[in-house]
Amino acid sequence: MPFHKYSPKIWDILKLKQGIYARLPRHYLKSLEQKEPQPVHWKPLGVEYQANPTTGQKERVQDVPIPIYYPPHSQDGLWGGEGWISGFRYANNDKMSNRLKKTWKPQLFKRELYSEILDHKFTITVTARTLNLIDAAFGFDFYILNTSKEDLKSKLGEDLKRAMLLRLARRNTELYPADPVKREKVYIKYKQFEIPGEEAEWLGLSLEEAVEKQRQLEHKEPEPLFKACVEELVEELHIQKLSEPHIENK
């Protein structure tokens, strides 16, 4: 087994400290920090010790989250943090029989959701939990803007959030440009979520997308040599003209 200077577990972290990764905006690098999502398919105990129901003695317990798999097509919808859970079941519900592999999948629906900020209706694949979360947040826009990326678990959700925040940041030109009254009403309603446009442009981008964006910002078109020579010649002629004595005719 080969030895490494650094553990492979921290390679991704070290990669962000060198090269073009280190030149990414600080607020974007901070958004890459991993945070714990809210539990969806399990309920945490919230305590370190619990009394045994039989003996009554104090026993140590721990919260172990259920591994969840998010298939690629889940990024094109809003599943509300739900995913696929793999496990086993007994054949014919008989505990004396063999265990069979089973994957539990959430029930999906196609629903039409309206965004007040974007003024557009989207047909999105959702789950029953997503609809309940939207109702609890008092609207689709509030749900998207209030939910963290760890709980959204959706590229579509992150793209919608970026579009909404950009629309708020550019409200004078893009937020209901033909209706100033509606613009002011919507802006006041969602003003608490406003962030600078420079930050909103990077929100929700994957690391590959952010690197490509940074590369395009740093890219400069090569300047033809003859342009530099022409500018240098014009400057020399201008200096030469200024150095010549000026003769006035009487």
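Points to keep in mind about this one:
Okay, residues lined up against (1) on the phi < 0 side of the Ramachandran plot; (2) among the polar types (S, T, N, Q):
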{"residue": "Leu100", "(1), (2)": "yes, no"}
{"residue": "Thr103", "(1), (2)": "yes, yes"}
{"residue": "Gln107", "(1), (2)": "yes, yes"}
{"residue": "Glu112", "(1), (2)": "yes, no"}
{"residue": "Leu118", "(1), (2)": "yes, no"}
{"residue": "Ile124", "(1), (2)": "yes, no"}
{"residue": "Asn132", "(1), (2)": "yes, yes"}
{"residue": "Phe138", "(1), (2)": "no, no"}
{"residue": "Phe142", "(1), (2)": "yes, no"}
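- Pair list, Cβ under 7 Å, 6 or more apart: the stretch 230-244 residue in contact (Cβ under 8 Å) with a residue 60 or more places away in the chain, other residue part of a helix (DSSP H, G or I) and basic (Lys, Arg): none
- Of the helices (runs of 4 or more DSSP H) that lie entirely inside the stretch 140-203, those containing 2 or more residues that are of a type in the set (Phe, Trp, Tyr) span 140-146.
- Here Ala210 fulfils each of the conditions (1) among the small types (Gly, Ala, Ser); (2) on the phi < 0 side of the Ramachandran plot; (3) open to solvent by less than 90 Å² (accessible area, probe 1.4 Å); (4) not in a helix (DSSP H, G or I) apart from (4).
- Residue under evaluation Lys5, criteria (1) open to solvent by less than 60 Å² (accessible area, probe 1.4 Å); (2) farther than 30 Å from Gln216 by Cα, criterion not met: (1)
- For first residues located in the stretch 72-84 and in contact (Cβ under 8 Å) with a residue 60 or more places away in the chain, partners that are among the acidic types (Asp, Glu) and part of a helix (DSSP H, G or I) and lie 6+ apart or on another chain with Cβ distances below 6 Å form the pairs Gly81/Asp151.
- Scanning the stretch 178-197 turns up one or more residues that are open to solvent by 40 Å² or more (accessible area, probe 1.4 Å), more than 16 Å from the chain's Cα centre (by Cα) and among the β-branched types (Val, Ile, Thr).
- Cross-chain or 6+ apart pairs with Cβ under 9 Å, the stretch 172-186 first and without any contact (Cβ under 8 Å) to a residue 60 or more places away in the chain, then open to solvent by less than 70 Å² (accessible area, probe 1.4 Å) and assigned to a loop (DSSP other than H, G, I, E, B): Leu175/Ile117; Lys182/Leu175; Lys182/Tyr176; Arg183/Leu175; Arg183/Tyr176; Glu184/Tyr176; Lys185/Tyr176
- Residues located in the stretch 1-18, provided they are among the charged types (D, E, K, R) and in a helix (DSSP H, G or I): Lys9, Asp12, Lys15
- Looking only at the stretch 220-243, and only at residues there that are outside any helix (DSSP H, G or I) and not charged (D, E, K, R), the one that is modelled with the lowest pLDDT: Pro222
- Hits in the stretch 19-77 (condition: under 29 Å from Trp104 (Cβ atoms) and assigned to a helix (DSSP H, G or I)): Pro72, His73, Ser74, Gln75, Asp76
- Residue in the stretch 116-136 that is in contact with a Leu (Cβ under 9 Å, 6 or more places away or on another chain) and open to solvent by 100 Å² or more (accessible area, probe 1.4 Å) present: yes
The values are calculated or read from the model by the stated rules, or taken from the named source; none is laboratory data. Worth saying up front: this structure is predicted, and the values here are computed from it rather than measured. Positions of Cβ are backbone-derived with ideal geometry, glycine not excepted, and every protein chain shown enters the neighbour counts. Only protein heavy atoms, including side chains, enter the accessible area calculation; ligands, DNA and RNA are left aside. Shrake-Rupley method; radii C 1.70, N 1.55, O 1.52, S 1.80 Å.
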